[in-house]
Amino acid sequence: MRFLDNLMALLQRIFYPLTDAPDLARQAMRNATFGAWMMVAMHFLLGAVILIQLSGDPRVTSGDRLIPATLQLFFALIYVGLATSNWKGSRTAAVAILVFILFDMFVVMSRSYHGDLQSLLQRIQAIVQLVPLLLAIGGVRGAFAYARFVKAGEV
């Protein structure tokens with residue numbers, strides 16, 4: 001029974017976190033940070049897999065095929081900065097994390113499927129990105145609730 005209670009509390013913290021107290025609002029705000037760190041891991045791993053795949057391919061004669069891997073690593077760096085800013089309490093960072101995740105999902109879903117490893121990884125990325133998206137939505141709620149508590153002098 002205790003396991004079920006812990007599971008339900010975890011699911012509430014992910015899907016619709018409580019924000020009626022300063023500590024709960026801070027925890028909800030940190031959801032966006034955790035979502036951003038998940039995106040960092042995903043983009044870094046995807047970029048590394050693409051680089052490893054291309055490094056052993058003798059047909060690669062120019063650096064043009066390295067652009068997708070470089071973009072993945074660049075987005076990982078952007079998410080690192082946003083996660084750090086959100087951890088410090090930035091509402092702008094929380095909203096930016098949400099916008100970047102939505103943009104990222106749009107870009108991944110708009111690509112065509114070619115049946116190769118890179119396309120398969122992109123489809124997996126789109127499915128896994130639902131968790132950071134939910135965390136980012138709760139993080140934005142928490143960031144604005146926490147700002148209200150700070151403004152009211154309750155923190």
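Bear in mind these aren't lab numbers, they're just calculated from the coordinates by the rules spelled out. Just so we're clear, the structure is a prediction, and the values are computed from it rather than from any experiment. Don't worry about glycine lacking a Cβ; one is built from the backbone with ideal geometry, like all the others, and counts go over all protein chains shown.
Per-residue extension of 0.36 nm, minus the Cα-Cα distance of residue 106 and residue 61, leaves a gain of 13.2 nm for this segment. Based on Cα atoms of segment 1-92, Rg over Rh with Rh as the Kirkwood radius reads 1.20. The shape of segment 20-147 can be summarised by an equivalent ellipsoid whose semi-axes, obtained from the alpha carbon gyration tensor, come to 33, 14, 10 Å from longest to shortest. Fully extending the segment from residue 84 to residue 117 would add 8.7 nm, taking 0.36 nm per residue of separation and subtracting the current Cα-Cα distance. Against the chain, whose longest principal axis comes from its Cα atoms, helix 130-151 is set at around 40 degrees. Candidates 52, 40, 7 compared by Cα position along the dipole of the chain: farthest toward the positive end lies 7, with charges placed on Cβ.
Working from Cα pairs under 8 Å separated by at least six residues, relative contact order for segment 29-151 is 42 percent. Backbone phi angles across segment 87-102, fed through the Karplus curve with coefficients 6.51, -1.76 and 1.60 (θ = phi - 60°), yield HN-Hα couplings of 4, 7, x, 7, 5, 4, 5, 5, 5, 5, 4, 4, 5, 5, 5, 4 Hz in residue order; Gly and Pro are listed as x.
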